[in-house]
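The values are calculated or read from the model by the stated rules, or taken from the named source; none is laboratory data. No experiment lies behind these values; they were computed from the predicted model shown. Cβ: placed from backbone, ideal geometry, glycine included. Neighbour counts: every protein chain shown.
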Amino acid sequence: ENYHISWQDSRNRSETTLNNMPGADKETDLSERIEAFLADLKRGGSGTGPLRGSGEMARETTALLRRITAQARWSSAGDLMEIIRNEGRRMTAAQPSETTVGNMVRRVLKIIREEYARSRGSSEETDQQESLHKLLTSGGLSEENFRQHFASLKANVIEAINELLTELEGTTDNIAMQALEHIHSNEVIMTIGRSRTVEAFLKDAARKRKFHVIVAECAPFCQGHEMATSLSKAGIETTVIADAAIFAVMSRVNKVIIGTQTVLANGGLRAVNGTHTLALAAKHHSTPLIVCAPMFKLSPQFPNEEEIFHKFVSPHEVLPFTEGEILSKVNVHCPVFDYVPPELITLFISNIGGNAPSYIYRLMSELYHPEDHEL
Amino acid sequence: MADCGEANGPERKNEIVRAKNEEKELTKEEKQRLRKEKKQQKKQKEKKDDKGSSEKSGREKTLDPLSASQVLSTQSPTQKVPASAPIPVPPSGAPSHSSGAPSHSSSGAPSPADKPAKSKAELKAERRARQEADRASKQQGSSSSSKTKAPASDLNPVVKRLPEHVQVDDPAVVKRLAKKLERQQIPLRSDYGYKVSLFSHLHQYSRKAPLTQLLSIPSSVIHPSIVRLGLQYSQGIVTGSNARSVALLHAFKQVIMDYSTPPNEELSRDLVNKLKPYISFLNQCRPLSASMGNAIKYIKKEISNIPSQYKEEEAKTKLLECIDKYIDEKVVLAAKAISKYAIEKISDGDVILVYGCSSLVNHILCEAFDKNRKFRVIVVDSRPRLEGREALRRLVQIGISCTYVLISALSYVLPEVSKVFLGAHALLANGYVMSRVGTSQIALVARAFNVPVLVCCETYKFCERVQTDSFVSNELDDPDELMVTRKGKTQLEDWHDLSTLGLLNLVYDVTPPDFVDLVITDLGMIPCTSVPVVLRVKNVDQ
């Protein structure tokens, strides 16, 4: 804590001196902000810091990247991309499970590439097409590109990032607007844990339709309880069930609507633990499984990378220290995420509309450049 | 009984009335009041619908007590001649309904003008003949008649009584239960909290309001060991199918030891009647499990089979022996047999997954460990009961290496599991496994990962009911148990204030037979679908 306060102090001091001496101080100010952001990331992931939604995380990352673009020293697009890539690597290393950070970095890199290409005059389509001819002949050219200096590049990039920010701010509303197309009256909808997107989705539908929601509480954090109280305060008939009863009540459910932490490159999900069971139960009863996920959650990761896929928190949540004698003789696991394969998912609803899981790879190629998949 | 129809209406009522004459607790006024209410109910039903009502009321009388007919058949030796043909005539004059049109016997009695006297004699004769036939067949011995009876009863439609505890949304049933409990002097437990509409047909009680608070002390009707047992059930101190049945049988042993036959009574009849209020009381504390139901049936049969020439002491010792034999055979020896079969299925290097705390599965694992099999165990647990911790303690004490996870982490642990062992609360006649909530989920995910699922169950838990989903017959536990306090905050604290919020705490669920690969019983290893075969074999044996 003392450490944090000293950072604050030095930041205040640097801000007051900012007006006096621009230039060098801007850089220290920038690096301080980055360090503070990294520290937040590290703390937030262990569940002890303030819990932030992915949307907030995405917006903060983008704002920080915009600041870097504005304040860092760079002369050509290549330099800027190097800087952003470095910062991006540090940010993802601080909290590997927070994939939205990496996604935003990749989006900004793609923006830079596009703006550069536009400034150079070459159209975007020719760059996109990865024909075999292009691969063989122009393999070496791409290295040199991005060295030219364009005066208006900075302003263009910042403008594009601003557009990205507005898009991010409107994602939840965009998704919620589609609610009435998918929910009819007298339905029983099931969900698990707490997702702000799904909450907004259901509340929007509840304005015009009457339906019933069953929330699985999702031990050990029991975020389903918060979701249920919030939904019932909005006037929706809600029931809270324990995780163990998911299959038992599934026969009466018409639709399953869930949120997720990440959408993977193959169309699968990395969602809160218990979601795989929910998806299997829905498949057994042929109940459609709908995932409400904004586009910034789409990540070019694949689920086979075992080391970075799973994240664990303190087993004290599962077997508390009060259990005493047996603690030392028992292995206790508390994984946070589950993998849901794409065969179990019926539909993705995102801010750009509804999509099948088989279409995700196309969306990814529109959002990120293949060379940025590995930061 | 398939031919019983309208002609048997007043007969039935006569029998019931006579049966009620036996119970010394009722006063004459009470009896008449009961009769009046019954007739009024019938009257209302008639007025609604002609044919339907006759069938219904006929059925009602056959249902209302199967016990009445039981009492009747044991009373056949001492038949009382209905002197003044106690056809109930309400003192408040004849509710002479304008029921000229429906000419059914159900209303025939109160309008004596219509029923000519000769039919009374006819009916009496018929009744006497039937009772002779019953007595004759009973004394002929069970072997011949049962063989002819068994196939006959399989084919005839059996009118089964729907248990009260799945009809809570029907006010008539609730009223009937309340009257029955009042008669037996047992307090009625009231439901608690907002019930989810899908389960409005089930009871939902609160742990904080046990039934014993409403009892007066000292209770004259209920034996103290039964009171203690009821409290242990309702507070969750004694849980688990085997534990509950064994505790029940021990309590009944205590009751039998303290029992003394009142004068002019036969032990075989009176003891069964004494046990009825106890069973109602225990049912109110916590609905009876299938194994307890089977145990009670066995005890009642044993008691009513006591020959009348036994002295009281002999009879009591015989009963105590029977109970001990039952426990020994059906629980202890069965567990040994099951572990013998199950250990064949455990090989070295296995990773075994178990769910919750099943005494049988724990026993199997302990035996396997004693026989030096090398395996490790993953214990899966779920909120709110967290029974897996008890299993974890027992296994760790013996020295088995264990891992512990919650049920939401199931997909994470399953890839390394080689077998799943599950316990059962009951096995239903259509092959479904009724067990703790969450078992079906484990079987589902195990099947998705191609892990074999083995269910271990003693034969005394086999049940003739059929069920396809977890809604129609289940138990709702106290909803407040779902609340949890994390970081000093309880999210659902004021769930009562939010009218649209409900908490659902299910206790059981049913697993379809296609998720289960093998059932290990004391008769051997059978597939799930062979349960009705075992039931038939058991019935023929007994």
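Is one or more of the residues making up segment A:166-174 modelled with pLDDT of 90 or more, in a loop (DSSP other than H, G, I, E, B) and surrounded by 12 or more Cβ atoms within 10 Å (Cβ to Cβ)?
No, segment A:166-174 has no match at all.
Would you say A:Ala228 is within 13 Å of chain B (Cβ to nearest Cβ), free of Cβ contacts under 8 Å to residues at least 12 places away in the same chain and assigned to a helix (DSSP H, G or I)? Walk me through it before giving the result.
Values: within 13 Å of chain B (Cβ to nearest Cβ): yes; free of Cβ contacts under 8 Å to residues at least 12 places away in the same chain: no; assigned to a helix (DSSP H, G or I): yes.
Here the answer is no, as A:Ala228 does not meet what is asked.
Restricting to segment B:417-461, name every residue that is in a helix (DSSP H, G or I) and either more than 11 Å from chain A (Cβ to nearest Cβ) or under 18 Å from B:Ile343 (Cα atoms) (or both). Write out each step before concluding.
Filtering segment B:417-461 down to residues in a helix (DSSP H, G or I) leaves B:439-448, B:459-461.
Result: B:Thr459, B:Tyr460, B:Lys461.
Only one of (1) within 14 Å of chain B (Cβ to nearest Cβ); (2) assigned to a loop (DSSP other than H, G, I, E, B) fails for A:Ser185. Which number is that?
(1)
Which of (1) surrounded by fewer than 22 Cβ atoms within 10 Å (Cβ to Cβ); (2) within 10 Å of chain B (Cβ to nearest Cβ); (3) closer than 20 Å to A:Pro288 by Cα; (4) not small (Gly, Ala, Ser) does A:Gln223 not meet, given it meets every other one?
Failing condition for A:Gln223: (3).
Looking at (1) surrounded by fewer than 18 Cβ atoms within 10 Å (Cβ to Cβ); (2) within 14 Å of chain B (Cβ to nearest Cβ); (3) farther than 23 Å from B:Ser197 by Cα, find the lone condition where A:Ala234 falls short.
(3)
Can you go through A:Ala200, A:Ala271, A:Ala176, A:Ala242 and tell me which one is within 14 Å of another protein chain (Cβ to nearest Cβ) and within 20 Å of the chain's Cα centre (by Cα)? Steps first, please.
Numbers: A:Ala200 fails: within 14 Å of another protein chain (Cβ to nearest Cβ); A:Ala176 fails: within 14 Å of another protein chain (Cβ to nearest Cβ); A:Ala242 fails: within 20 Å of the chain's Cα centre (by Cα).
Going through A:Ala200, A:Ala271, A:Ala176, A:Ala242 in turn, just one is within 14 Å of another protein chain (Cβ to nearest Cβ) and within 20 Å of the chain's Cα centre (by Cα): A:Ala271.
Yes or no: A:His284 facing chain B (nearest Cβ under 9 Å), surrounded by fewer than 24 Cβ atoms within 10 Å (Cβ to Cβ), closer than 23 Å to A:Glu343 by Cα and not charged (D, E, K, R)? It would help to see each step written out before you state the result.
Numbers: facing chain B (nearest Cβ under 9 Å): yes; surrounded by fewer than 24 Cβ atoms within 10 Å (Cβ to Cβ): yes; closer than 23 Å to A:Glu343 by Cα: yes; not charged (D, E, K, R): yes.
Judged against the criteria, A:His284 is a match.
Taking segment B:293-317, which residues are closer than 13 Å to B:Met257 by Cβ and of a type in the set (D, E, K, R)? Give the steps one after another, and end with the answer.
Our first condition is that a residue be closer than 13 Å to B:Met257 by Cβ; within segment B:293-317, this holds for B:312-313, B:315-317.
Matches in segment B:293-317: B:Glu312, B:Glu313, B:Lys316.
Within segment B:527-535, is there a residue that is touching a Phe, Trp or Tyr at 6+ places or on another chain (Cβ under 8 Å), surrounded by fewer than 20 Cβ atoms within 10 Å (Cβ to Cβ) and either more than 14 Å from every other protein chain (Cβ to nearest Cβ) or part of a helix (DSSP H, G or I) (or both)?
yes
Residues in segment B:287-320 that are under 30 Å from B:Val166 (Cα atoms) and exposed (fewer than 14 other Cβ atoms within 10 Å of the Cβ): how many? If you could, list the steps in order and put the result at the bottom.
Step one: list which residues in segment B:287-320 are under 30 Å from B:Val166 (Cα atoms), which gives B:287-304.
From what is left, the residues that are exposed (fewer than 14 other Cβ atoms within 10 Å of the Cβ) are B:297, B:301.
Residues in segment B:287-320 being under 30 Å from B:Val166 (Cα atoms) and exposed (fewer than 14 other Cβ atoms within 10 Å of the Cβ): 2 in total.
Quick one: A:Arg207 ticks every box in (1) free of Cβ contacts under 8 Å to residues at least 40 places away in the same chain; (2) facing chain B (nearest Cβ under 7 Å) bar one, so which box is it?
For A:Arg207, the exception is condition (2).
Based on this model, can you work out whether B:Ser347 counts as surrounded by fewer than 19 Cβ atoms within 10 Å (Cβ to Cβ) and more than 26 Å from B:Lys276 (Cβ to Cβ)?
Yes.
One line per residue, one yes/no per condition, for (1) surrounded by 15 or more Cβ atoms within 10 Å (Cβ to Cβ); (2) closer than 30 Å to A:Ala179 by Cβ:
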{"position": "A:Pro315", "(1), (2)": "yes, no"}
{"position": "A:Thr322", "(1), (2)": "no, no"}
{"position": "A:Val330", "(1), (2)": "yes, no"}
{"position": "A:Tyr359", "(1), (2)": "no, yes"}
{"position": "A:Ser365", "(1), (2)": "no, yes"}
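Is it the case that some residue within segment B:243-262 is in a helix (DSSP H, G or I), under 28 Å from B:Leu503 (Cβ atoms) and of a type outside the set (Asp, Glu)? I'd like the intermediate steps shown before the answer.
Taking segment B:243-262 first, the residues in a helix (DSSP H, G or I) are B:243-258.
Add one more test, that the residue is under 28 Å from B:Leu503 (Cβ atoms), and what stays is B:243-244.
In the following step, the residues that additionally are of a type outside the set (Asp, Glu) were identified as B:243-244.
Scanning segment B:243-262 turns up at least one residue that is in a helix (DSSP H, G or I), under 28 Å from B:Leu503 (Cβ atoms) and of a type outside the set (Asp, Glu).
Among the residues of segment B:436-492, what is the count of those that are crowded, with 16+ Cβ neighbours inside 10 Å, free of Cβ contacts under 8 Å to residues at least 60 places away in the same chain and among the β-branched types (Val, Ile, Thr)?
Qualifying residue count for the region: 1.
Need the failing condition index for A:Arg252 against (1) surrounded by fewer than 23 Cβ atoms within 10 Å (Cβ to Cβ); (2) part of a helix (DSSP H, G or I), just the number.
(2)
If you take the residues of segment A:313-354 that are in contact with a strand residue (DSSP E or B) (Cβ under 7 Å, 6 or more places away or on another chain) and hydroxyl-bearing (Ser, Thr, Tyr), which of them is nearest to the other protein chains (Cβ to nearest Cβ)?
Going through the qualifying residues, I end up with A:Tyr339.
From the set of residues in segment B:484-505 that are within 14 Å of B:Tyr192 (Cβ to Cβ) and part of a loop (DSSP other than H, G, I, E, B), which is farthest from the other protein chains (Cβ to nearest Cβ)? Lay out the reasoning, then the answer.
Of segment B:484-505, the ones within 14 Å of B:Tyr192 (Cβ to Cβ) are B:495-496, B:502-505.
Narrowing further to those that are part of a loop (DSSP other than H, G, I, E, B): B:495-496, B:505.
Details: B:Trp495: 8, B:His496: 12, B:Asn505: 7 Å.
Filtering segment B:484-505 for residues that are within 14 Å of B:Tyr192 (Cβ to Cβ) and part of a loop (DSSP other than H, G, I, E, B), the one farthest from the other protein chains (Cβ to nearest Cβ) comes out as B:His496.
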